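Inspection log for the structure reproduced underneath, given as structure tokens.
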Amino acid sequence: MDNKLVPAFIACALMASCGGGSSDGNDAANDNGIPFGIQDGMPVSGVYLSVRGYTPDRIITEDEQTDGAAILIDKTLAIVHKGHSFLIYNLSGDRKRLNAEGRLYNADGSFKQNISSIGLAHSTELNGVEDYSETVELHTYEYNLVTKKEAAGRSVSNSTLYSGLTYLEAPFTTLAGNWVAEDGISSFAINTQGDITGSDQSGCQWEGRLTQPDSNRSVFKSNLTLTGCNRAGNYTMFAGFTTLEDYRVDLSNITFNNDFADSDNWTKQD
């Protein structure tokens with residue numbers, strides 16, 4: 001499936017800008033110059049808006065690197081970048097200090113290289129759920145994701161969750177129905193148990209079941225099997241609700257395994 005998470009996901013979210021590089025020298029970051037957070041606990045699951053930018057001063061992100069999004073489930077943060085390259089981070093630690101071991105994928109979805117990052121997170125709750133936000137800040141050393149080559153200093157990925165993007169009131173049964181991808185060809189059916197069947201424009205046959213790992217957040221996970229195509233294999237899928245201005249329900253998703261990553265927006269049919 002073509003990488004097309006962009007329009008709907010930034011009307012409510014999934015893209016930013018990344019790119020390949022060929023360095024093997026992006027060792028795990030040290031502690032110099034990175035602030036420590038002040039809160040315990042892991043960041044919460046949800047759909048995150050993202051900004052990215054290379055920062056010579058190692059703190060301030062560049063405003064022009066703002067279009068992006070991610071889905072965090074459990075301790076895995078899956079990010080889609082403008083130009084449709086991808087980062088899949090496995091997080092450890094807590095909000096005071098996050099360690100992030102990641103896999104960087106090219107614009108065509110193929111695996112590029114491993115990346116190690118370090119950062120922190122911060123949660124804010126002003127007036128209950130409606131004003132709740134969570135920010136994840138990750139610093140990647142020795143590899144500039146903006147200029148797409150090795151660079152001194154760090155690149156920074158900031159991802160912020162707003163509860164309005166996760167639609168806590170959306171019941172699991174909202175998934176049930178027929179869905180069409182942005183290409184207008186790929187179509188999928190989801191039943192009330194979360195079972196997914198369908199096919200994409202590449203001829204892949206999809207089969208899997210969506211689950212809701214965190215009952216308080218409307219984000220979903222599936223183990224998928226794709227057959228009958230070049231991309232055949234087993235994948236993980238992260239998905240979250242977004243909504244277009246005409247109030248159609250969209251399900252934005254990222255699928256990935258060790259070799260390939262992709263993203264799309266599905267629109268529910270009446």
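Of note:
- Spin-label model, N234 to D270: label points 7 Å out along the Cα-to-beta-carbon direction sit 4.2 nm apart.
- On the beta carbon distance between T227 and N99, with R0 = 30 Å, the FRET formula returns roughly 0.25.
- Accessible area of V44 in the full protein assembly, 1.4 Å probe (Å², nearest 10): 40 Å²
- Once both labels are positioned 7 Å from their Cα atoms along Cα-to-Cβ, the gap between N178 and I38 label points is 5.4 nm.
- In a DSSP loop and with at most 16 other Cβ atoms within 10 Å, the trypsin sites (Lys or Arg not before Pro) in region 188-270 are R248.
- Taking chymotrypsin sites (Phe, Trp or Tyr not before Pro) across region 183-269, the ones in a DSSP loop with at most 16 further Cβ atoms lying within 10 angstrom of their Cβ are Y247.
- Listed residues E134, E207 arranged by accessible area, highest first, probe 1.4 Å: E207, E134
- Computed accessible area, D259, all protein chains, 1.4 angstrom probe, square angstrom: 110 Å²
The values are calculated or read from the model by the stated rules, or taken from the named source; none is laboratory data. Quantities reported herein were computed from a predicted structural model and do not represent experimental measurements. For neighbour counting, all protein chains shown are included, and Cβ atoms are generated from backbone atoms with ideal geometry for every residue, glycine included. Only protein heavy atoms, including side chains, enter the accessible area calculation; ligands, DNA and RNA are left aside. Shrake-Rupley method; radii C 1.70, N 1.55, O 1.52, S 1.80 Å.
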